[in-house]
1. All but one of (1) farther than 16 Å from V8 by Cβ; (2) out of contact with any helix residue (DSSP H, G or I) (no Cβ under 7 Å at 6 or more places or on another chain); (3) in a loop (DSSP other than H, G, I, E, B); (4) open to solvent by less than 70 Å² (accessible area, probe 1.4 Å) hold for A147; state the number of the condition that does not hold.
2. So which of E139, E207 ends up being within 16 Å of the ligand (Cβ to nearest atom), of a type in the set (D, E) and in contact (Cβ under 8 Å) with a residue 12 or more places away in the chain?
3. So how many residues does segment 71-87 have that are within 12 Å of the ligand (Cβ to nearest atom), out of contact with any helix residue (DSSP H, G or I) (no Cβ under 7 Å at 6 or more places or on another chain) and open to solvent by less than 70 Å² (accessible area, probe 1.4 Å)?
4. Does segment 2-44 hold any residues that are open to solvent by 80 Å² or more (accessible area, probe 1.4 Å) and within 30 Å of V105 (Cα to Cα), and which are they?
5. Just to be sure I understand, how many residues within segment 185-197 are more than 11 Å from the ligand (Cβ to nearest atom) and open to solvent by 90 Å² or more (accessible area, probe 1.4 Å)?
6. How do the pairs read when you match residues in segment 76-101 that are closer than 15 Å to E205 by Cα with residues anywhere that are in a strand (DSSP E or B) and among the acidic types (D, E), using Cβ under 7 Å and keeping only pairs 6 or more apart or on different chains?
7. Do we find a residue being within 24 Å of S6 (Cβ to Cβ), aliphatic (A, V, I, L, M) and either surrounded by 12 or more Cβ atoms within 10 Å (Cβ to Cβ) or at pLDDT below 95 (or both) anywhere in segment 103-110?
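The values are calculated or read from the model by the stated rules, or taken from the named source; none is laboratory data. In this text the structure is predicted, and so the values were computed from the model without any measurement. Here Cβ is always computed from backbone atoms with ideal geometry, including for glycine, and neighbour counts include all displayed protein chains. Accessible surface is based on the protein model in full, side chains and every heavy atom, while ligands, DNA and RNA are left aside. Shrake-Rupley method; radii C 1.70, N 1.55, O 1.52, S 1.80 Å.
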Amino acid sequence: MVKLQSDVSVELVKHSASDSDVLWAARVSTAGEQSLEEVHKDPEKSKGLINFLMRDRHGSPFEHNSMTFFISAPIFVFREFHRHRVWSYNEESGRYRELQPVFYVPGPDRQLVQQGRPGKYEFVDGTPEQHALVSETMEESYRASYAAYQKMLDAGIAREVARAVLPVGLFSSMYATCNARALMHFLSLRTKDERATVPSFPQREIEMVGEKMEALWAGLMPLTHAAFNANGRVAP
Ligand SMILES: Cc1cc2nc3c(=O)[nH]c(=O)nc-3n(C[C@H](O)[C@H](O)[C@H](O)COP(=O)(O)OP(=O)(O)OC[C@H]3O[C@@H](n4cnc5c(N)ncnc54)[C@H](O)[C@@H]3O)c2cc1C
């Protein structure tokens, strides 16, 4: 009855986003109105302009585009995600539909043990015993809480009341829409990368979402993505 899952999923469901959009918005400064095709006719110049905009943090040309992702991840990931206020979100409702018993358990590669103090700590692998303990304990807890949820629904209790017993390891789903500037800000905080001049220490599970979004975005805006990496992964 309870499904356990260690991965998150991210799908790019809608987009209007390309490097040309950045060039087009930036070139109005010097050239006035131009077509999208016209702005991208010299690839070397395009690359240089995007790099300049990124390096000097001229951020607004990176806002004239849109990407909508469908994301399926545990509720604790969404709690962190929703702190990013310049995105638009719509999430499935625990009031209007019965929540499905899909729960998160860390996969075998997930480092389980934290060492050091807040702000200066690292994660290291767990032992096989610790992995087994985490999997078994989570499953037991998930089964008990979902059974409690079902018991209340079966007795006619409203979904919005019964859901109080469900844990943050429950999977949820949402559409999340952003532009490239907002995505770069998100990635600078929610991924770890040695090219970052300002390192961040995100929780692994939101980083898994970030990595999948980044791969999809890189396919749409390769010059912008390369300039982001070349300039320390700081959002312009
Ligand atoms: C590793 C890590 C640990 C964290 N730990 C905690 C924690 O323990 N507790 C906690 O509560 N949060 C925590 N957070 C969340 C963090 O404080 C931010 O809320 C989150 O990263 C979103 O960042 P943001 O506000 O820059 O992004 P967004 O909300 O997307 O905003 C983007 C940018 O817009 C501007 N902006 C948006 N709103 C305002 C505003 N009201 N006023 C002025 N400028 C604005 C800012 O320049 C901001 O950087 C953590 C985040 C990370 C990455």
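1. (3)
2. On the way: E139 fails: within 16 Å of the ligand (Cβ to nearest atom).
Being within 16 Å of the ligand (Cβ to nearest atom), of a type in the set (D, E) and in contact (Cβ under 8 Å) with a residue 12 or more places away in the chain holds for just one of E139, E207, which is E207.
3. Just the residues of segment 71-87 that are within 12 Å of the ligand (Cβ to nearest atom), to begin with: 79-87.
Those still in the list that are out of contact with any helix residue (DSSP H, G or I) (no Cβ under 7 Å at 6 or more places or on another chain) too: 79, 82-83, 85.
If we keep only those that are open to solvent by less than 70 Å² (accessible area, probe 1.4 Å) as well, we get 82.
So the answer is 1.
4. Passing the criteria: K3, E11, K14.
5. First, pick out the residues of segment 185-197 that are more than 11 Å from the ligand (Cβ to nearest atom): 193-197.
After this cut, where a residue has to be open to solvent by 90 Å² or more (accessible area, probe 1.4 Å) as well, the list is 194-195, 197.
Summing the residues that are more than 11 Å from the ligand (Cβ to nearest atom) and open to solvent by 90 Å² or more (accessible area, probe 1.4 Å) in segment 185-197 gives 3.
6. Final answer for the pair search is F78/E91.
7. Applying the first criterion (within 24 Å of S6 (Cβ to Cβ)) to segment 103-110 yields 103-110.
From what's left, aliphatic (A, V, I, L, M): 105.
Adding the requirement that they be either surrounded by 12 or more Cβ atoms within 10 Å (Cβ to Cβ) or at pLDDT below 95 (or both) leaves 105.
Yes.
Residue by residue, here is whether (1) polar (S, T, N, Q); (2) at pLDDT 95 or above; (3) within 20 Å of the chain's Cα centre (by Cα) holds:
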{"position": "G32", "(1), (2), (3)": "no, no, no"}
{"position": "F81", "(1), (2), (3)": "no, yes, yes"}
{"position": "N90", "(1), (2), (3)": "yes, yes, yes"}
{"position": "S93", "(1), (2), (3)": "yes, yes, yes"}
